[in-house]
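Inspection log for the structure reproduced underneath, given as structure tokens.
The values are calculated or read from the model by the stated rules, or taken from the named source; none is laboratory data. On a predicted model such as this, the values are computed, not experimentally measured, just so you know. Please note: Cβ atoms are built from the backbone with ideal geometry, for glycine as well, and neighbour counts cover all protein chains shown.
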Amino acid sequence: MINIPQWLKTFFMFNAGHTYSNLSRLFLRLFTGIMFLQMGVRQMTHLDEFSKAAVGSMGLPDENALVAIVVLEIVCAVFIILGLFTRLALIPSIGVMVYAETVMLTATSVSSAGQMFIFEPGYPIMFLGIFAYMLLAGPGKISLDYLIAIHTINEKDDEDSEVLEKA
């Protein structure tokens, strides 16, 4: 029989039932949000080059649609990082990544598609997976959404108690 040290048993047995899901969600939100923000800022700073490759080949009518997509990426990334209206911010982010993956699949060459979105093939699928998880799991307790929810619940409880007192 193998003799396992007590500290090792304690570490694995105790931590098996204690997860850090809220901290994990914060890390995932920050990491993904910063990556998404970096991508949007990079596209915004190189908008001239990006628009030459994107307008026409992506089916966008003009440069204004491209600017709208980039601004949407930046705003949604900030909301994801802050955990503010997270699930709402994920919906357009998922749409942008579906669109990006569609462009990547229909592009004539991998390098031209990568230049359009400033990333390598596979990134849209990665973002889609992470965004789908965050959409299902929610932002966690370390977010502005949680603080707003707690404040809203406390206000509602105060109103309910006032109604009960008057009755």
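The condition of being in a helix (DSSP H, G or I), in contact with a Gly (Cβ under 8 Å, 6 or more places away or on another chain) and either within 18 Å of residue 29 (Cα to Cα) or at pLDDT 95 or above (or both) does not hold for residue 130.
Among the residues making up region 94-117, those that are at pLDDT below 80 and surrounded by fewer than 16 Cβ atoms within 10 Å (Cβ to Cβ) are 105, 106, 108, 109, 110, 111, 112.
Checked against (1) at pLDDT 90 or above; (2) at negative phi, residue 157 meets all criteria but (1). The condition of being at pLDDT 95 or above and touching a Gly at 6+ places or on another chain (Cβ under 8 Å) does not hold for residue 34. Of all the residues in region 51-72, those that are in a helix (DSSP H, G or I) and either touching a Leu at 6+ places or on another chain (Cβ under 7 Å) or modelled with pLDDT of 75 or more (or both) number 12. Counting residues in region 78-93 that are on the phi > 0 side of the Ramachandran plot and surrounded by fewer than 20 Cβ atoms within 10 Å (Cβ to Cβ) gives one or more.
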